[in-house]
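Novice: Once you've had a glance at the structure underneath, I'll fire off some questions.
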Amino acid sequence: MHKDCKAILWDMDGTLLETEHLHTKSTQVILSQEHPEHNLTAEQIDLICYGETDAIILQKFQAKRFLEHINLESFLHLKNTSIKLLILEMKPSELIHSEVLRFLNEAQSKKIRQALVTSSEKETVHNLLSHLKLVDYFELIITREDTTENKPSPTPYLHAIESLGLQVHDIIIFEDSDVGLSAAKDSQAIYCHACWYD
């Protein structure tokens, strides 16, 4: 860990938690409900969903003539409902790596401040963190609803850094996707590609 680090900013999906499959599975459920005739494979859906905000995901499906009758608010409601049910079926060990837990605890023991910066929705984020008993690790939680722009814009990270009262050189960002890494890079903070779930 960087000797001058005062805070760690965690991305959630694919970095803190192994949740990319939850987003893909919930989207598959919605697609199958709304378009039972669709012929997209799980791999194709995963490529559409990986690392993207739900607004972009919906746009991509609508460009393929799917979910055209659904607006973003309805899509989010359907997705959050599906994810909530999926979470209840899963063990904590299926969602978070033991090394990530060890790192969270090590940072906490060293009094390094921690925040979560994600493009996922507030409801989904708090359901996951509550289910896994992780809420208390984070001094600050920034979700999709909290900033005017989402990743790949650096806005969510800059908002978190300002909210913590720190400077970019005080921060380390953990990210996994190209979209998230672009946001981290443009924030000018130190960042690294977290690969617990690669």
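Novice: What is the set of long-range amide H partners of residue 117 at a cut-off below 5 Å, with H atoms built 1.01 Å from backbone N?
Specialist: Residues meeting the criterion, in which the H sits 1.01 Å from N, are 10, 11, 12, 142.
Novice: If you plug each phi of the range 72-87 into the Karplus form 6.51 cos²θ - 1.76 cosθ + 1.60 with θ = phi - 60°, what whole-Hz ³J(HN,Hα) values come out, in order, with x for Gly and Pro?
Specialist: The phi angles translate into 4, 4, 5, 4, 5, 4, 4, 5, 5, 5, 5, 5, 4, 5, 5, 4 Hz.
Novice: Could the peptides 45-58, 87-100 be put in order, highest first, of the mean number of other beta-carbon atoms found within 10 Å of their residues?
Specialist: The peptides rank, most packed first, as 45-58, 87-100.
Novice: Which pairs in the list 151/185; 91/122; 25/133 are over 18 Å apart, alpha-carbon to alpha-carbon?
Specialist: 91/122; 25/133
Novice: According to the square roots a ≥ b ≥ c of the eigenvalues of the Cα gyration tensor, what is the shape class of the range 20-88, taking rounded for a/c under 1.5, prolate for a/b larger than b/c otherwise, and oblate for the remainder?
Specialist: Since a/c stays below 1.5, the shape of the range 20-88 is classed as rounded.
Novice: Which ³J(HN,Hα) values, rounded to whole Hz and listed in residue order, are derived for the range 102-118 from phi using the Karplus coefficients 6.51, -1.76 and 1.60 in 6.51 cos²θ - 1.76 cosθ + 1.60 with θ = phi - 60°, glycine and proline given as x?
Specialist: 4, 5, 4, 5, 5, 4, 4, 5, 8, 6, 7, 5, 10, 9, 10, 10, 9
Novice: Let me ask another. Mind jotting down the distance between the C-alpha centroids of the range 58-73 and the range 12-56, whole Å?
Specialist: 13 Å
Novice: When the helix-only estimate is applied to the chain (DSSP H runs of n ≥ 4, each -39,500 (n - 2.57), divided by the residue count), what is the mean residue ellipticity at 222 nm, nearest 500 deg cm²/dmol?
Specialist: -14000 deg cm²/dmol
Novice: Residues with beta-carbon under 14 Å from that of residue 83, excluding residue 83: net charge, scoring Lys, Arg +1 and Asp, Glu -1?
Specialist: Net charge around residue 83: -3.
Coordinate-derived values only; no laboratory data. Bear in mind that the values here come from a model prediction, so they are computed numbers and not experimental data. FYI the Cβ positions are ideal-geometry reconstructions off the backbone, even for glycines, and counts take in every protein chain you see.
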